[in-house]
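Structure first, then comments.
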Amino acid sequence: MSKTIVLGVTGGIAAYKSVDIVSRLKKQGYDVFVILTQHGQKFITETTFQSISQNQVYTDMFEISQHDTEHISLAKRADLFVVAPATANILGKVAGGIADDLLSTTLMAAKSPVLFAPAMNTAMYENEIVQQNITKLEKLGYLFEEPQQGRLACGDIGKGKMAEPECIVKRINKELCKKQQLKGKKVLVTAGPTIEPIDPFRYITNHSSGKMGYAIAEVAASLGANVTLISGPTNLKKPDSVEFVQTLTAVEMFDAIKEHVDSSDAIVMSAAVSDYAPKTYKTNKIKKKDDNITLELKKNPDILKSLDKINPRLVKVGFAAETNHTNQYAKEKLENKKLDLIVANDISNSNSGFKSDNNKITIINHQKTISYDIMSKVECAEIIMEHVIPLLSKTN
């Protein structure tokens, strides 16, 4: 049975982000009911939330359901109650025990955990009264997703921006224990490019940013997995709650994988590994000459293809980054490398792929092919892990 989220949307400019929260939750299979306050309706419409949530949106405290007053009915449905954005007004109401509209009344009746995502001007957020209200609510067991630093709608710069939707959804998943789905499992994730040195000054590499692999590592960890992230060189911050291994070349990455793969349950090979490396490494910088030079290459080890001999029970997930005939090449790779699952993406699309925060993926296994619209790499990672979970359950 799907979990139910009741989302309270108050009167702040960040209300537009709440639409994204609902969309992400629906994609993950949650049932979402929105309470939109009178002030919230000044920023976004009831129709928008109704279209995305596919449920009635509640605005009036005196609407009556078939069996009960609406605030009691909604409070009983919630597995988790989220208020995003949470203004100083709603925080003050709840802290003071005031219930004078549908949202505050439903919050008073809620037995589920309540998560606030504050959003307000920096001066308001730092106001001692607001901070005292937050402290009081935290002591009472209310949860908070802390606001971010940045430029606010009023033009001020400081703390008060509502946390990004993907962060709030990640927190929701954590609070509802979806992370337990991979508890006890060990997952290897590779990410980023490899570099193959030519001389001390030059090397062969590719455009991989590592964003997709890092997102997969974070999502797998949030689902309870013991994650080892083996990464080529990137400019990304190391994710929390993972074991991190830094590598440079394809051979170094393969060596690191071999150290961990025996005890692993799955590997998600999202790294863009160089197929070839210079045959010889020049210890001194190659000097520029008038004539052309020839660079002789040797083939790197095929990491994915080798893993079946090392750990036959391993669930193997590969990636196929292509510029044409994407699904065809991906299906060939799925069979040739004896993979359980492959993620295909067209890197020629300028709106997604290597350096973008978005991706457009197709999931292919031996039974079916499922294509998805363009979405953030975090959302892609969530979908990929949804497909990996059933494969891991078969290895128990």
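Filter the stretch 364-396 for residues that are crowded, with 21+ Cβ neighbours inside 10 Å and in contact with a strand residue (DSSP E or B) (Cβ under 8 Å, 6 or more places away or on another chain); which is farthest from residue 324 (Cα to Cα)?
Checking each candidate, the answer is 388.
Among the numbered criteria (1) in contact with an Asp or Glu (Cβ under 8 Å, 6 or more places away or on another chain); (2) small (Gly, Ala, Ser); (3) closer than 23 Å to residue 323 by Cα, which one does residue 221 miss?
Every condition holds for residue 221 apart from (3).
Hey, any hits in the stretch 277-286 for a residue that's assigned by TED's automatic domain parsing to the domain that holds residue 242 and either under 32 Å from the mean Cα position of the chain (by Cα) or not in a loop (DSSP other than H, G, I, E, B) (or both)?
Scanning the stretch 277-286, I find at least one residue that is assigned by TED's automatic domain parsing to the domain that holds residue 242 and either under 32 Å from the mean Cα position of the chain (by Cα) or not in a loop (DSSP other than H, G, I, E, B) (or both), so the answer is yes.
Can you work out which of the residues in the stretch 288-314 that are in a loop (DSSP other than H, G, I, E, B) and charged (D, E, K, R) is farthest from residue 196 (Cα to Cα)?
313
So residue 246 fits all but one of (1) modelled with pLDDT under 95; (2) surrounded by fewer than 17 Cβ atoms within 10 Å (Cβ to Cβ); what number is the exception?
(1)
Can you list the helices (runs of 4 or more DSSP H) lying wholly within the stretch 115-183 that have 2 or more residues being buried (at least 20 other Cβ atoms within 10 Å of the Cβ), at pLDDT 90 or above and not assigned by TED's automatic domain parsing to the domain that holds residue 93?
Passing ranges: none, list empty.
Working only within the stretch 1-18, note down all residues that are surrounded by 18 or more Cβ atoms within 10 Å (Cβ to Cβ) and of a type in the set (A, V, I, L, M, F, W, C).
Result: 5, 6, 7, 9, 14, 15.
Which of the residues spanning the stretch 358-383 are within 19 Å of residue 220 (Cβ to Cβ) and under 16 Å from the mean Cα position of the chain (by Cα)?
Of everything in the stretch 358-383, those that are within 19 Å of residue 220 (Cβ to Cβ) and under 16 Å from the mean Cα position of the chain (by Cα) turn out to be 359, 361, 372, 375, 376, 377, 378, 379, 380, 381, 382, 383.
In a loop (DSSP other than H, G, I, E, B), among the small types (Gly, Ala, Ser) and surrounded by fewer than 15 Cβ atoms within 10 Å (Cβ to Cβ), is that true of residue 348?
yes
Any residue in the stretch 42-56 that's over 15 Å from residue 27 (Cβ atoms): show its pairings with residues that are of a type in the set (S, T, N, Q) and in a loop (DSSP other than H, G, I, E, B) at Cβ separation under 9 Å, as long as the two are six or more apart or on different chains.
Taking only residues 6 or more apart or on different chains, the pairs are 46/59; 49/55; 50/56.
Filter the stretch 5-18 down to the residues that are assigned to a helix (DSSP H, G or I) and either farther than 19 Å from residue 74 by Cα or in the same structural domain as residue 376 (by TED's automatic domain parsing) (or both) and list them by number.
Correct list: 15, 16, 17.
Go through (1) under 22 Å from residue 333 (Cβ atoms); (2) in contact with a helix residue (DSSP H, G or I) (Cβ under 8 Å, 6 or more places away or on another chain); (3) not in a loop (DSSP other than H, G, I, E, B) for residue 274 and report which single condition fails.
Against the list (1) under 22 Å from residue 333 (Cβ atoms); (2) in contact with a helix residue (DSSP H, G or I) (Cβ under 8 Å, 6 or more places away or on another chain); (3) not in a loop (DSSP other than H, G, I, E, B), residue 274 comes up short only on (3).
Within the bounds of the stretch 212-219, is there any residue that is in the same structural domain as residue 377 (by TED's automatic domain parsing), at negative phi, touching a strand residue (DSSP E or B) at 6+ places or on another chain (Cβ under 9 Å) and of a type in the set (Phe, Trp, Tyr)?
Checking the stretch 212-219: at least one residue is in the same structural domain as residue 377 (by TED's automatic domain parsing), at negative phi, touching a strand residue (DSSP E or B) at 6+ places or on another chain (Cβ under 9 Å) and of a type in the set (Phe, Trp, Tyr).
How about the stretch 11-23: which of its residues are within 14 Å of residue 172 (Cα to Cα) and touching a strand residue (DSSP E or B) at 6+ places or on another chain (Cβ under 9 Å)?
Of everything in the stretch 11-23, those that are within 14 Å of residue 172 (Cα to Cα) and touching a strand residue (DSSP E or B) at 6+ places or on another chain (Cβ under 9 Å) turn out to be 18, 21, 22.
Report the residue count in the stretch 315-342 for those that are β-branched (Val, Ile, Thr) and in a loop (DSSP other than H, G, I, E, B).
Residues flagged as β-branched (Val, Ile, Thr) and in a loop (DSSP other than H, G, I, E, B) within the stretch 315-342 amount to 1.
Return only the number of the condition from (1) closer than 27 Å to residue 3 by Cβ; (2) in contact with a helix residue (DSSP H, G or I) (Cβ under 8 Å, 6 or more places away or on another chain); (3) not acidic (Asp, Glu) that residue 73 does not satisfy.
With respect to (1) closer than 27 Å to residue 3 by Cβ; (2) in contact with a helix residue (DSSP H, G or I) (Cβ under 8 Å, 6 or more places away or on another chain); (3) not acidic (Asp, Glu), residue 73 is out only on (2).
Just give me the residues in the stretch 27-45 being surrounded by fewer than 19 Cβ atoms within 10 Å (Cβ to Cβ) and under 15 Å from residue 78 (Cα atoms), in sequence order.
Across the stretch 27-45, the qualifying residues are 29, 31.
Taking the condition of being basic (Lys, Arg) and in contact with a Phe, Trp or Tyr (Cβ under 9 Å, 6 or more places away or on another chain), how many residues in the stretch 187-227 meet it?
Qualifying residue count for the region: 1.
The values are calculated or read from the model by the stated rules, or taken from the named source; none is laboratory data. Predicted model only: the values in this text are computed from it and were never measured. For neighbour counting, all protein chains shown are included, and Cβ atoms are generated from backbone atoms with ideal geometry for every residue, glycine included.
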